Each structure stands twice: as C-alpha cells, then as structure tokens.
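Reading through the structure tokens given below for one structure.
The values are calculated or read from the model by the stated rules, or taken from the named source; none is laboratory data. Since the structure is predicted, the reported quantities are computational estimates derived from the model, not experimental observations. Heads up, the Cβs are rebuilt from the backbone with ideal geometry, glycines too, and the neighbour counts pull from every protein chain shown. Accessible surface is based on the protein model in full, side chains and every heavy atom, while ligands, DNA and RNA are left aside. Shrake-Rupley method; radii C 1.70, N 1.55, O 1.52, S 1.80 Å.
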Amino acid sequence: PCWRVEQFVVAQECTRCSGFEMKTIPACGPTGFIEKINCASSRRDEYKSCRSAALEAQRFWRFVGSALGVAAAAAALVVLRQRVLDRRALEKVRKQIESI
C-alpha cells in the first residue's frame with residue numbers, strides 16, 4: 001500500500017464498513033472501519049483500516065461499568081461473609097460465657 005511508504009492525506013474520515021464493503025474491500029476486515037486516503041506522490045486513492053474513537057470510548061466505558069459491577073458484587077459478598085463470621089464468633093463467646 002502506498003500509505004506505508006509515502007505521505008498521504010485523509011480524504012474521508014473513519015467510517016463503519018457496509019455489508020458490501022466488508023465483502024469487497026480487504027481493509028474492512030481487521031476492524032470493520034475504513035478511511036479513504038490519497039497518497040501524495042503516486043496520486044492514488046486507497047482504503048486503510050482504522051479504529052473508531054466513538055466505538056473505542058463505548059467499549060472502554062462498558063468495561064469500566066462491568067468492572068465496577070464486579071467490584072460492587074465482591075464488596076457486598078465480603079460484607080455479608082463478615083457479618084456471618086461476626087455472628088458465629090459472638091455466638092461462640094456467648095456459649096462460653098453461659099457454660100461458666
């Protein structure tokens with residue numbers, strides 16, 4: 001591809017590939033997004049695979065949300081387990097005091 005060896009200008013920003021483009025343009029394969037570029041020296045129009053900033057941001061926030069959800073669930077389990085252990089310890093101490 002000419003964009004690896006020479007200067008280029010982005011003619012069309014990063015956009016999602018359509019179903020037809022997915023089948024006909026090999027650059028759509030890796031990410032599902034392409035941008036159209038113009039190579040300066042050879043004056044050729046080519047397509048280059050790219051990543052969508054909006055999609056990356058959405059994936060990041062989805063990951064953060066799921067990590068927070070797992071952390072909240074783990075914290076709740078820790079609190080519940082600690083209550084059970086405290087109750088058992090209190091019951092054990094009460095039985096020891098009653099046996100005296």
In the stretch 22-41, anything open to solvent by less than 50 Å² (accessible area, probe 1.4 Å) and touching a helix residue (DSSP H, G or I) at 6+ places or on another chain (Cβ under 6 Å) is listed as C28, I34, I37, C39
Restricting to the stretch 1-21, give me the number of residues that are open to solvent by 40 Å² or more (accessible area, probe 1.4 Å) and in a helix (DSSP H, G or I). 5
If a residue must be in contact with a helix residue (DSSP H, G or I) (Cβ under 7 Å, 6 or more places away or on another chain), at pLDDT 80 or above and of a type outside the set (G, A, S), how many such residues does the stretch 42-58 contain? 3
Conditions: (1) touching an Asp or Glu at 6+ places or on another chain (Cβ under 7 Å); (2) assigned to a helix (DSSP H, G or I). V78 meets all but one. Number of the miss? (1)
List pairs: first in the stretch 25-51 and assigned by the TED database to the domain that holds V9 and part of a loop (DSSP other than H, G, I, E, B), second modelled with pLDDT of 80 or more and among the small types (G, A, S), Cβ under 8 Å, 6+ apart or cross-chain? G29/S49; P30/S49; T31/S49
Residues satisfying the stated conditions in the stretch 42-54, i.e. loosely packed, with under 13 Cβ neighbours inside 10 Å and hydrophobic (A, V, I, L, M, F, W, C): A53, A54
